[in-house]
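These notes concern the structure reproduced below.
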Amino acid sequence: MPDKSTDPQNEKNEIRLQVYLAHAGVASRRASEQIILDGRVAVNGKIVSELGIKVNDSDEITVDGKKIKPESRKCYVLLNKPAGFVCSSSDEKGRQVAVDLLKDNYCERLYNVGRLDMYSKGMIIFTNDGDFAAKLSHPSSQIEKEYIVETSQDIPDDLPAKLEHGVRVEGVFYKPVSVQKLKDRKLKIILIEGKNREIRRMLESQNIGTKSLVRVRIGNVLLGQLRPGEHRDLTSAEVKGLLKESCKTEDKK
C-alpha cells in the first residue's frame, strides 16, 4: 500500500476496508468482514486477509479480482419474493437467486437485508447502502415483521396464546410478538428477531404443517398490491421510518 502519511488529506478521508466494501455495494459491513478474512480482497494489488486496514479513494480495491468503487446512488428496493428463490448473492446448488429478479432494472450491486427461506414468499429489502443494512440487521433492532401463514391442519383455539408464551424447540427458544388466528387454517404472526425458519419450527413443534408463508410487512413498509416477482423503490419516508424503528432500543438506553 502507498505511504499516505505525507498526505494529510488522504489520511483524513480514510475509512475501514469493510466500510468501503459496504459503500461499494459488495455486502453489508458484517458480510464484508468475512469476505476480507476469506482473502478475497486486494488493496493496490496486495491481498488483505485481516481486519483493521484503512483505505481511501486513491487506493485500488478489488474483490475476486474485480475493481470496485463506492456507488454514488443509494438504492432501497422492495421485492415480493416468489417461492423457489433463495436469498443470497449466488447459489452453489444452481437454485434461482432472488436478487436476479432486479438485475434488469439496477446496475448497482444490491444485496438483501435479512432473509426468507426458499419456500417462503413476500417482502425482502435490497440495498447497496451498508450503513442502512447494518442498522436494520443489528441484533438490537426492534423492527417488526408480519407474516400471514396458511397451515395444513386446523389451528387449535389455544395455539396463539401458547406461541405468544414462548416455545422451546431443540434447545432454541422462540417467542413471537403476537399471534392471531384469522381462520381455521390461517394465522397472522408478528416477529422481531426472526430466527432461521422460526415460524415453521414453532408450528412443527405443535404438529402443524405450514402450507404457505408470506411476509406482508416490515416495520412501516407494507407489501400492498405488489405481485410475486415485482419490485419497487422504497420512498424516502419509508427509509426514514425503518431507520427510526431500528433505533428504538438505542434511544431507550
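Between the amide H of residue 122 and those of 81, 215, distances stay under 5 Å, these residues lying 5 or more places away or on another chain, with hydrogens modeled in the peptide plane. Fully extending the segment from residue 15 to residue 56, taken as 0.36 nm per residue of separation minus the present Cα-Cα distance, adds 14.1 nm. As a fraction of the 1.4 Å probe accessible area of the chain, surface on carbon and sulfur atoms comes out at 47 percent.
Enclosing the Cα atoms of the chain in their convex hull gives a volume equal to 160 cubic angstrom per residue. Applying a threshold of 26 Å to the alpha-carbon distances of 74/103; 74/195; 54/74; 103/195 flags 74/195; 103/195 as lying beyond it. Based on the alpha-carbon gyration tensor of the stretch 109-171 and its eigenvalue square roots a ≥ b ≥ c, which shape applies: rounded if a/c is under 1.5, prolate if not and a/b is larger than b/c, or oblate? Cα axes put the stretch 109-171 in the prolate bin. Take each peptide in 92-101, 16-25, count the other Cβ atoms within 10 Å of every residue, and average; sorted highest first, the result is 16-25, 92-101. For residue 164, the shell of other residues with beta-carbons less than 15 Å away shows a net charge of -1, using +1 for Lys and Arg and -1 for Asp and Glu. Each Cα pair under 8 Å and six or more residues apart adds its separation to the average, and for the chain the resulting relative contact order is 19 percent.
Taking a ≥ b ≥ c as the square roots of the Cα gyration tensor eigenvalues, with a/c under 1.5 meaning rounded and otherwise prolate when a/b beats b/c, else oblate, which class fits the stretch 174-253? Oblate is the answer for the stretch 174-253, as a/c is 1.5 or above yet b/c matches or exceeds a/b. Each principal axis of the Cα cloud of the stretch 55-198 was taken in turn, and the coordinate range along them, longest first, works out to 62, 31, 27 Å. Heavy-atom accessible area, probed at 1.4 angstrom with all protein chains present, ranks 76, 174, 119 as 119, 76, 174, highest first.
At a probe radius of 1.4 angstrom, the accessible area of the stretch 186-237 per residue rounds to 51 square angstrom. Between the amide H of residue 88 and those of 98, 99, distances stay under 5 Å, these residues lying 5 or more places away or on another chain, with hydrogens modeled in the peptide plane.
Across the options 75, 45, 165, the greatest Cα extent toward the positive end of the charge dipole of the chain (unit charges at beta carbon of Lys, Arg, Asp, Glu) belongs to 165. Pairs of Cα atoms nearer than 8 Å and 6+ residues apart set the relative contact order; for the stretch 3-142 it is 26 percent. Which of rounded, prolate, oblate describes the stretch 1-130, given a ≥ b ≥ c as roots of the alpha-carbon gyration tensor eigenvalues and a/c under 1.5 marking rounded, otherwise prolate only if a/b is larger than b/c? It comes out prolate by the Cα gyration axes. Rolling a 1.4 Å probe over the protein heavy atoms gives the stretch 1-145 an accessible area of 52 Å² per residue. The modelled label-to-label distance for the pair residue 158/residue 211, using points 7 Å beyond Cα in the direction of Cβ, is 2.5 nm. Cross-link reach is defined here as a Cα-Cα straight distance under 16 Å, omitting same-chain residues fewer than 8 places apart; for residue 145 the aspartates and glutamates meeting it are 117, 164, 193, 198, 238, 245.
Shown in residue order for the stretch 191-205 are the 3J(HN,Hα) couplings computed by the Karplus curve 6.51 cos²θ - 1.76 cosθ + 1.60 at θ = phi - 60°: 10, 10, 5, x, 5, 4, 6, 4, 5, 4, 5, 4, 5, 4, 5 Hz (x for Gly and Pro). If you find the alpha carbon centre of the stretch 67-136 and of the stretch 200-248, how far apart are they in angstrom? Here the two parts' Cα centres lie 14 Å apart.
The values are calculated or read from the model by the stated rules, or taken from the named source; none is laboratory data. Just so it is clear, the structure is predicted and the values come from calculations on it, not from any experiment. Heads up, the Cβs are rebuilt from the backbone with ideal geometry, glycines too, and the neighbour counts pull from every protein chain shown. These accessible areas exclude ligands, DNA and RNA; they are computed on the full protein's heavy atoms, side chains included. Shrake-Rupley method; radii C 1.70, N 1.55, O 1.52, S 1.80 Å.
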